[in-house]
Amino acid sequence: MTDVLIAGSGPTGLTLACDLAQRGIAVRVIDRRTEPHRESRGKGLLPGSLEIFQELGVLETLAATGSGSVVLRKYFDGEHINDTPTAAGLLIGQWQIEEALRDRLAELGVRVEYGAELAAITQNEAGVRAELADGTVIGARYLAGCDGGRSTTRKLLGIPFEGSGEEEPAMVLGDVGAPGLSRDVWHQWFTSEGSGILLCPMPGTDSFQLQASPERDEQGEPLPPSLESFQRLFDRHARVPGIRLTDPTWISAWRVNVRMATRIREGRVFLAGDAAHVQPIAGGLGMNTGIQDAAALGRTLAAALTGPAGEEVLDRYQQERLPVAAEVLADTAERYERVRAAVRTPGQGTEVGMERA
Ligand SMILES: Cc1cc2nc3c(=O)[nH]c(=O)nc-3n(C[C@H](O)[C@H](O)[C@H](O)COP(=O)(O)OP(=O)(O)OC[C@H]3O[C@@H](n4cnc5c(N)ncnc54)[C@H](O)[C@@H]3O)c2cc1C
C-alpha cells in the first residue's frame, strides 16, 4: 500500500507529488494519458507559485527558460496603439512547467504511470482502494483527485460541481509558428467589433500561443478551430501581409465555465486544482490556484501521515482552500467581464485582467 495515490499529472498533481516525495512520503502518480502533452495552455506563473517551486527545487530550471517580463503590443483595427511592459511573474508554457516537475519527481525516485485511468473508488477507515480501467487495483492510505475539470474522482464521489457554463466556445486557441513576426512582444490585435487575435511568443520554443475570437459562419455559428481558420482570423484582424501561420502543435477551443465543488474532502479522498474549481482564464489564476491547492494539501497529508490523523487535521485543507476557490471564482469572472469590455477601447488589452478591481 502506498501512502498517497495521485490521480492526474497536470501541474496540480505533479506539484503535490514533488511536495510529498520531498518529505519522504511514498507516492504514486497515475494519468490516463499515454504520454505527456506539449501544449502551452496556462502560461503565467505568479509569485506565490514561484515561491512553492523554489521550495521544490524547480525554480532555477524554469527561470532558465521562462521570461520574467513581457511587453503587450496593442493594435486597434490594425493600427499600432501602444506598448505596455508587464511583470509576468514567469512566462513559460504549461508543458514546460510539467516537464520540470516530472524531472524533479524522477530525481526523487517517482515516475508518472501513464495509460492508467482511475475508474472506481472504495474506502474504509484504513485506506482507499482505487480500481483502474484495466482492472488493476491500487491501495493507498489517501487519494488525491487532481484529474482536471471533468474529474473522475469528483464524479465517483458524487460531489456536485456548482456554477454556470457556456455551450458556445468563447475562444479558439493553439500553438503555431509565425515566421517573420517579431518575437519580442505579445501581439494583441483588437477590433471595434469587440473581436481580436493574440499571439504570445512562448519562451524556449519557436511558437506563439494563439488566442482568438472564433470565426463564425453565415448563421453566426462559431466554426471549429483549424490552421486555415486561424490564418483567416489573423488576416482579418492583424492585417499584416506576408505572415503565414504554420506547424500547429495544439489546436483547441475554450468555453467559459465558472464552477466549484461543494466539498473537496470525502473521508480519505481529496480534490485539488481544476477538479475542485474551474474559472475564466483572465488574470491567469487557474493553474496557479491549483499549485497553491497542492501545497496546502501536501501540508495536510504530511500532518495526517506523520501524526494523529484526526478529523480536525484532515479537514484543515478543505477549511483553508474552499473559501479561496469561491473567492477566485468571483474574482476571475469579474476580471473576464472587465477584459471583454476593455478591449473595445483602443490601447487596452489583457493587462486589464491582471489588475485587481
Ligand atoms: C489557453 C489557456 C490559458 C490558460 N492560462 C492560464 C494562466 O495564464 N494561468 C493559469 O494559472 N491558468 C491558466 N489556464 C488554466 C490551466 O491550464 C488549468 O487551470 C490547469 O491545467 C489545471 O491543472 P490541473 O493539474 O488541476 O488539471 P489538468 O491540467 O487538467 O490535469 C489533469 C490530469 O488528469 C488526468 N486525468 C483525467 N482523468 C483521469 C483519470 N480518470 N485517471 C487518471 N488521470 C486522469 C488528465 O489526463 C490530466 O493529465 C489556462 C488554460 C488555457 C486553456
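Read-outs: derived from the displayed coordinates by stated rules, not from any lab. This structure is a prediction, so every number in the text was calculated from the model and none was measured. Note that we place each Cβ from the backbone using ideal geometry, even for glycine, and neighbour counts take in every protein chain shown.
Here are the numbers for this structure:
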{"read-out": "Calculated FRET efficiency for the pair Glu327/Ala253, C-beta based, R₀ 25 Å, to 0.05", "value": "0.35"}
{"read-out": "Per-residue Cβ neighbour rank within 10 angstrom, fewest leading, Asp315, Asp331", "value": "Asp315, Asp331"}
{"read-out": "Stokes-Einstein D in µm²/s, Kirkwood radius over Cα pairs - the chain at 10 °C with 1.306 mPa s viscosity", "value": "75"}
{"read-out": "On Cα atoms only, tilt of 94-107 relative to the major axis of the chain in degrees", "value": "30"}
{"read-out": "Fluctuation leader among Cys18, Cys146, Cys200 - the chain, Gaussian network, Cα springs under 10 angstrom", "value": "Cys200"}
{"read-out": "With at most 11 neighbouring Cβ atoms within 10 Å, loop GluC sites (Glu not before Pro) (DSSP) excluded, longest segment of the chain", "value": "219-354"}
{"read-out": "C-alpha long axis of helix 311-342 to longest principal axis of the chain, angle in °", "value": "10"}
{"read-out": "Angle between the chain longest axis and helix 286-306 axis [Cα atoms, degrees, rounded to 10]", "value": "10"}
{"read-out": "Amide H contacts under 5 Å for Ala253, placed H, 5+ residues apart", "value": "Leu173"}
{"read-out": "Compactness of segment 171-255, expressed as Rg and Dmax over alpha-carbon positions, Å", "value": "12.1, 41"}
{"read-out": "Karplus 3J(HN,Hα) series, Hz, for segment 3-17 with 6.51 cos²θ - 1.76 cosθ + 1.60 (x for Gly, Pro)", "value": "5, 10, 9, 10, 9, x, 10, x, x, 5, x, 6, 5, 4, 4"}
{"read-out": "Table column - 3J(HN,Hα) (Hz), segment 184-200, Karplus curve with 6.51, -1.76, 1.60, x for Gly and Pro", "value": "8, 9, 8, 6, 10, 9, 10, 10, 5, 6, x, 9, x, 9, 10, 10, 10"}
{"read-out": "Label-point gap, in nm, between Asp235 and Glu162 - each point 7 angstrom along Cα→Cβ", "value": "4.9"}
{"read-out": "Cα-projected label distance for Ala106 with Gln54, points at 7 Å along beta-carbon direction, nm", "value": "2.7"}
{"read-out": "Ranked list, fewest to most other Cβ atoms within 10 Å of each Cβ, for His277, His37", "value": "His37, His277"}
{"read-out": "Neighbour-count order for Leu233, Leu101, fewest beta carbons within 10 angstrom listed first", "value": "Leu233, Leu101"}
{"read-out": "Inter-label distance for Glu117 and Glu131, nm, one decimal - labels placed 7 Å from Cα along Cα-to-Cβ", "value": "1.5"}
{"read-out": "Kirkwood hydrodynamic radius of segment 190-309, Cα pairs, Å", "value": "17.9"}
